[in-house]
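This report refers to the structure that appears directly beneath it.
The values are calculated or read from the model by the stated rules, or taken from the named source; none is laboratory data. Quick caveat: nothing in here was measured; it's all calculated off a predicted structure. No Cβ is skipped: glycine too gets one built from the backbone with ideal geometry, and neighbour counts run over all protein chains shown.
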Amino acid sequence: MKRKSFNQRLRKTFFFLLIVISFAFLAERGNSRSRCLYSSDCSFSKIQRGEISRVSSAPKIWRNRLPRVRNYIRQVMKKWDIPGLAVVIVDQNQIVMAEGYGWRDVAAKLPVTPQTRFILGSTSKAFTTLALGILVEEGKMTWDEPVRNHLPEFALKDELASLRCSARDLVTHRTGLPRHDLVWSGASLTPEQIVKVLRFLEPSRGFRSVYQYNNLMYITAGLLVERVAAQPWESFLQERIFKPLEMTHTGCSVADYLQSKEYALAYRRKGSKLEVIPWPSPEQVILYGPRASGSINSCAVDMGHWVIYHLQGEYKGQRLVSLAMLQEIHSPQIVRPLNQTDLPEIRYPSYGLGWAIDDYRGHYRVHHGGRTMGFTSFVFFFPEKHFGGAVLSNSSSPGASLVANYISDLGLDLTPVDWEKKLSIPTSPQEKHQPLSSVKVRPIRPLEEYRGEYINPAYGRIKIDYDDSTEMLVLSFHHRRITLIAVNFDLFQPVEPSWKRYLVKFKTNFRGQIIALEIPFEPAVSPIVFEKIGVISKEKRKN
C-alpha cells in the first residue's frame, strides 16, 4: 500500500515538473517571438535575440572563410593602392572579425586598427533617420506631417512641395530636387543658412514623383532633429544612439575626429602618386561642422555594434525604438533606379528611411555606401541571415564596396562574383585618373574684362581674377581656386580634372559687356547663372 501511494506521488511530481517545464519553454518561446525584429506577417525569417552561445556556430564557419577574406583585402589594397582599410563582420549577432589593414598615416607608419576612426560619408544618413524615429515614437513629431510644422522657414521653389514636404520625403530623396551639391560642399554655411536658400534651387522632377539623391534634404533633416528635440543634432546622437550602443570611438564632426587618439589621414591620387589631403582642406571644410548628410566618423568595432543593433533590434538590452519602427526604417519607401541595367545579381532596388534596399543574389539586403574626399565606407546586413558588416577606407577607390561584396558572397555561401568586371570598374587607379590634356585658345576679348564678382542667391559668390604670372583666369568659389583656360569665344574650361566638366560660359548684354556667367553645376537642370555684381545693378537702374 505504501509502495503504491509512493508511486502515485512520484507520478504526480513527475507530471507537475513536466507541466512547469512545458510552460517555461512556451514562455521562453513567446519571449523569443516578441523579440523578433520583423513581425509575424513579414515574409523574412525571424531574427531571434537569443544568447550568442546558443544560436551561433559562426566562428567555426568563418574559420575557413577569414583567410580568404584577408587575402582578398590585401589583393584589393595592392591593386588600388589603398593606404588603409578596416573591416568588421557580424554573423549570428556577434562580431566574428574586426581588423585593420595598412596605414592610417603612411609617412609615420601608423597602422590601422579596429579602433581607428574613418569619416563615414553618407552612411551617416541612417543615424539621422534613427534619431527621427526616436522622436516620432516619443510623440514629438510624425513622419508624414509637414516639415514646416517645426521648421517654418523651410521652403522649396515648388509651392506644393513647400507646403506638403514631410520628414519622410526629406529622407527618401523624393522632393523633386536634384543633388545641387555645390551649394553646400566646401561652403562655410550653417544648416540654418542652407535651409534658407533651398527656395532658390530649381527642381528637376515633380514632388514625390521619383527618387533623386539629395544631401541638402538630410542637412535639413538634421536641423529638424535639432528643432524637435530642442538640442543639437550631434549631442542628440551622442546621448540617444552612440552611448547606448557603446560606440565610444564615434563622433559627428572633424573637430571630434582630430581630437581622437587614433584617426586615419585622408588620401587622394595625384597622377601616379598618393598624397595626403591636409587638414583643413577646401574639400573638407564642410566636415568641420556637424552635417546630418555625412559628417559622422567611426571605427570598425563601433560599426559592428551598429550592425548588431540593426540585426537584432537591440544592443545589450538597449532598444532605441520599437521593432515595428525599425522594420519601417528598413522597409522600401520608393523605387531606386538601377544604374547597371544588365546586372541580374542585384535586383529590385529601393530606398528606405536612410537605407538602400535590394535583392542581392536572392537575399534581402539593407545597405548604404559613403564617399567623401579621401574616404569611402560601405555598411550592409542581411536580416534573414543574421549577417552583415562594414568596410571603412581612407581612399576614394571602390575598394570598400568590392570587399563588402566579397564578404557578402562568402557569408551567403555563394561563389564570389568578379564585381570589378560586373560593375565595369576601371582595372587600375591609373586608368581612372588620366591626366587632362588641353589646348589653349585665344579668347575674343582681353581677360581683364572677365574680372569681377558674380552672385547666385543659392550658390553664393564666384570671383574671377586675372593671374599676371600665368596670364590666365582664376575662379574662386567656396574656398577653391580653379585655373581656367579659354576653349571657345567666351567659353572657359577648368584645368582641375575633377572640375573639367564645369564649363564656364560668360554672358554679355547688347553692348558686349560681361553681365553674368553660367556653369552646369547641376546637370539635371539648366546651367546655374551668376550675375556680375555692379553691372547687373546698373542695368536694372537703367531699366
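Values for this structure:
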{"quantity": "Residue ranges of strands (runs of 3 or more DSSP E) in segment 465-543 with at least 3 members farther than 27 Å from Lys157 by Cα and modelled with pLDDT of 95 or more", "calculated": "472-477, 480-488, 491-494"}
{"quantity": "Subset of segment 400-415 (residues that are surrounded by fewer than 24 Cβ atoms within 10 Å (Cβ to Cβ) and either among the small types (Gly, Ala, Ser) or touching a strand residue (DSSP E or B) at 6+ places or on another chain (Cβ under 7 Å) (or both))", "calculated": "Ser401, Ala404, Leu412"}
{"quantity": "Scope segment 209-259; condition basic (Lys, Arg) and assigned to a loop (DSSP other than H, G, I, E, B); matching residues", "calculated": "Lys243"}
{"quantity": "Single condition Gly206 does not satisfy, out of (1) part of a helix (DSSP H, G or I); (2) surrounded by fewer than 20 Cβ atoms within 10 Å (Cβ to Cβ)", "calculated": "(1)"}
{"quantity": "Failed condition for Phe381, given (1) assigned to a strand (DSSP E or B); (2) in contact with a Ser or Thr (Cβ under 8 Å, 6 or more places away or on another chain); (3) buried (at least 21 other Cβ atoms within 10 Å of the Cβ)", "calculated": "(2)"}
{"quantity": "Count - residues of segment 298-328 that are crowded, with 21+ Cβ neighbours inside 10 Å and more than 30 Å from Ser260 (Cα to Cα)", "calculated": "1"}
{"quantity": "Residue within segment 127-146 that is in contact with a Cys (Cβ under 8 Å, 6 or more places away or on another chain) and outside the structural domain of Ala300 (by TED's automatic domain parsing) present", "calculated": "yes"}
{"quantity": "Any hit, segment 107-115, residues being surrounded by 21 or more Cβ atoms within 10 Å (Cβ to Cβ), among the small types (Gly, Ala, Ser) and at pLDDT 95 or above", "calculated": "no"}
{"quantity": "From the options Glu226, Glu234, Glu246, Glu239, residue that is among the charged types (D, E, K, R), crowded, with 16+ Cβ neighbours inside 10 Å and more than 23 Å from Cys165 (Cα to Cα)", "calculated": "Glu234"}
{"quantity": "Pair list, Cβ < 7 Å and 6+ apart or interchain, from segment 326-350 residues that are assigned to a strand (DSSP E or B) and at pLDDT 95 or above to residues that are of a type in the set (Val, Ile, Thr) and surrounded by 12 or more Cβ atoms within 10 Å (Cβ to Cβ)", "calculated": "Ile334/Thr172; Ser350/Ile334; Ser350/Val335; Ser350/Ile357"}
{"quantity": "Search result, residues across segment 56-105 that are part of a helix (DSSP H, G or I), free of Cβ contacts under 8 Å to residues at least 60 places away in the same chain and surrounded by fewer than 16 Cβ atoms within 10 Å (Cβ to Cβ)", "calculated": "Pro59, Lys60, Arg63, Asn64, Pro67, Arg70, Asn71, Arg74, Gln75, Lys78"}
{"quantity": "Residue pairs meeting the criteria (Cβ under 8 Å; at least 6 apart or on separate chains; first without any contact (Cβ under 8 Å) to a residue 12 or more places away in the chain, in segment 305-324; second not in a helix (DSSP H, G or I))", "calculated": "Arg319/Gly313"}
{"quantity": "Flag for Phe118 being part of a strand (DSSP E or B) and modelled with pLDDT of 95 or more", "calculated": "yes"}
{"quantity": "Residue pairs meeting the criteria (Cβ under 9 Å; at least 6 apart or on separate chains; first among the hydroxyl-bearing types (Ser, Thr, Tyr) and surrounded by fewer than 20 Cβ atoms within 10 Å (Cβ to Cβ), in segment 526-539; second at pLDDT 75 or above and in a loop (DSSP other than H, G, I, E, B))", "calculated": "Ser526/Glu202; Ser526/Pro520"}
{"quantity": "Some residue of segment 169-182 being surrounded by fewer than 18 Cβ atoms within 10 Å (Cβ to Cβ) and either at pLDDT below 95 or within 29 Å of Val87 (Cβ to Cβ) (or both)", "calculated": "yes"}
{"quantity": "Tally of residues being more than 22 Å from Lys500 (Cβ to Cβ) and either surrounded by 14 or more Cβ atoms within 10 Å (Cβ to Cβ) or over 38 Å from the mean Cα position of the chain (by Cα) (or both) across segment 452-468", "calculated": "5"}
{"quantity": "Filtered residue count, segment 369-418, keeping only those that are out of contact with any helix residue (DSSP H, G or I) (no Cβ under 6 Å at 6 or more places or on another chain) and polar (S, T, N, Q)", "calculated": "6"}
